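Peer 1: Dumping the structure here so I can ask a few things about it.
The numbers here are math on the coordinates, done by the rules we state, and not lab data. Please read all numbers here as calculations on a predicted model, not as lab measurements.
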Amino acid sequence: MEPMFLKSVENNPDAKGSYAELIASCKKIGAPFPQIWNLFAFKPSATQHLERWTHEIMRGPSPLSPGFREMIAALTSARNHCPF
């Protein structure tokens, strides 16, 4: 995956929390991971709200199933030429 524009966020030696652990695990085995994880690990207390919001939108009560919402997100990402 291409590097982010925010190198200090991507290469943060003080990354914390579960996303920092996920990033380390992916890097260890050479697996790609969503770049937003770098932001979540950079300032976990500031990004908890975004994480909760995303979870609620994708998994919370809705007339659309979670699978259909994922399909919408995947299609949107593909049309924006963004890996999902």
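Peer 1: Read phi for every residue in segment 36-44 and hand back ³J(HN,Hα) as whole Hz from Karplus 6.51 cos²θ - 1.76 cosθ + 1.60, θ = phi - 60°, with x for Gly and Pro.
Peer 2: Values, residue by residue: 5, 4, 4, 5, 4, 7, 5, 9, x Hz.
Peer 1: Quick one: Karplus J couplings for segment 74-82, per residue in order, coefficients 6.51, -1.76, 1.60, θ = phi - 60°, nearest Hz, x for Gly and Pro?
Peer 2: 5, 5, 4, 4, 4, 5, 8, 6, 10
Peer 1: So how many Å³ per residue does the convex hull of the Cα atoms of segment 15-79 work out to?
Peer 2: Per residue, the Cα convex hull of segment 15-79 comes to 99 Å³.
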